[in-house]
Amino acid sequence: MICSGENERQLRAIATAVRAKMSERDVHPRRSEGEPGAGWVLVDYADVIVHIFATTEREFYQLEDLWSDAVTVLAIQ
């Protein structure tokens, strides 16, 4: 999953919400990296990896291009 927020507060809120909802289902991350202050957070749930980027970092890394051949399951814009 790739998503973005406009500022550090939004990045932190997205990461917190993802972790909370997954925890409610007794699913816990194998690993987390990055910080909202750095403009990116990665939460690894093994089968699903959540990438949370600040807008500028998302444009820079362009992960969508790396996965352009993959099937899009859901796109919200």
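Just so it is clear, none of the values below were taken in a lab; they were calculated from the coordinates. None of the values given here were measured: they were computed from a predicted structure. Positions of Cβ are generated from backbone atoms using ideal geometry, with glycine treated the same way; all protein chains shown enter the neighbour counts.
Among Phe53, Phe60, what is the fewest-to-most ranking by other Cβ atoms within 10 Å?
Values: Phe53 22, Phe60 11.
Starting with the residue having the fewest Cβ neighbours, the order is Phe60, Phe53.
Using the 10 angstrom Cβ neighbour count as an exposure proxy, how do Ser32, Ser23 rank, fewest first?
Details: Ser32 14, Ser23 11.
If I rank by nearby Cβ atoms, fewest first, I get Ser23, Ser32.
Derived scalar couplings between HN and Hα for segment 2-18 equal 10, 9, 9, x, 7, 7, 4, 4, 5, 4, 5, 5, 5, 4, 5, 5, 4 Hz in order, rounded to whole Hz, by the Karplus curve 6.51 cos²θ - 1.76 cosθ + 1.60 (θ = phi - 60°), x for Gly and Pro.
Under the criterion of Cα pairs below 8 Å and six or more residues apart, the relative contact order for the chain equals 34 percent. Note that segment 37-47 has calculated 3J(HN,Hα) couplings of x, 8, x, 7, 9, 10, 10, 9, 10, 6, 6 Hz, one per residue in order, obtained from phi through the Karplus relation 6.51 cos²θ - 1.76 cosθ + 1.60 (θ = phi - 60°); glycine and proline are x. For the residues Val50, Val27, Val41, a GNM of the chain with alpha-carbon springs under 10 Å puts the largest fluctuation on Val27. When Leu11, Leu74, Leu66 are sorted by how many other C-beta atoms sit within 10 angstrom of their C-beta, beginning with the fewest, the order is Leu74, Leu66, Leu11.
Given the -39500 (n - 2.57) contribution per DSSP H run of 4+ residues, what per-residue ellipticity at 222 nm results for the chain, rounded to the nearest 500 deg cm²/dmol? Provide the component values of the computation, followed by the final result.
Working: 3 runs with 28 residues, N = 77.
Computed ellipticity for the chain at 222 nm equals -10500 deg cm²/dmol.
The alpha-carbon atoms of the chain define a convex hull whose volume equals 99 cubic angstrom per residue.
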